[in-house]
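Take a look at the structure set out below.
No lab work stands behind these numbers, since they all come straight from the coordinates. All figures in this text were calculated on a predicted structure; none of them were measured in a lab.
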Amino acid sequence: MGKMDEMIVVAPRKHVFHNETLAFQGVVSEREQVATIMNRLNRHFSEMRRGNAEEDTTYKQPIPYVVIRRGKEIYSYERLSGGGEARLHNQLSIGFGGHMNAIMSSSFIEMLEANTHRELHEELIFDASKQKAMKTIGLINDDANEVGRVHLGILSVLDLEEDTDVAIRETNQLAGRWVTLEELSAQPMYDRLESWSKFVVDILNHTS
């Protein structure tokens, strides 16, 4: 089965954004709005073939998007030409995660936690005992972007102890390194960031 035949979690945009009354562009971190949208995802999610979902803007695909931080450093990566999503090649990102698979008899939050854990350990090598905390801080939406129009990011920050080593598993697809928020905010690095990562850098600058 090809990756586009994978069954993934989706939710109708009209329900997620309550007929656009909850729609936003960029990052929303206001607690009440985040909780409302998460509750609507929990009530209205279903499964769809990934290939269909990627072409259907009436649905949103919720994507765990985890920023990994140790002290003042953030783990960034470049998508290489060997990666699967051609639209994102040679761009920089600071978010790890991916499409969610349904887990029967689970709430949306339980599915989110299971899929986030799976994605992190499929993509990265690090000592899980050095995790300090992981906290969801907002949601990401980019309707101005072809990729973003069909996705909704669930933004979390995973803080690690400052001596933690992190490595990429699929080195033919990604190249990772630690950078500071100051470096990410400056040229030319900022211009190379994917749109979601730009949104996150902006909000981290306002909250740090």
Check: C-alpha center the range 160-207 vs C-alpha center the range 28-64, spacing in Å is 25 Å
Setting aside same-chain residues fewer than 8 positions from LYS60, which lysines have a Cα under 27 Å from its Cα?
LYS3, LYS14, LYS135, LYS198
Additional length obtainable on full extension of the chain from GLU162 to LEU22, 0.36 nm per residue less Cα span
46.6 nm
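Using a ≥ b ≥ c from the Cα gyration tensor of the range 1-106 (square roots of the eigenvalues), is it rounded, prolate or oblate, where a/c under 1.5 gives rounded and otherwise the larger of a/b and b/c decides, a/b for prolate?
On the way: a/c = 1.81, a/b = 1.18, b/c = 1.54.
Here the range 1-106 falls in the oblate category.
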What is the range 33-169 by shape, rounded, prolate or oblate, if you read a ≥ b ≥ c off the alpha carbon gyration tensor as root eigenvalues and call it rounded for a/c under 1.5, prolate for a/b larger than b/c, and oblate otherwise?
oblate
Full-extension gain in nm, ARG43 to SER29, via 0.36 nm per residue minus C-alpha separation
3.0 nm
Identify all lysines with a Cα-Cα distance to LYS132 below 22 Å; exclude those on the same chain that are fewer than 8 residues away in sequence.
LYS72
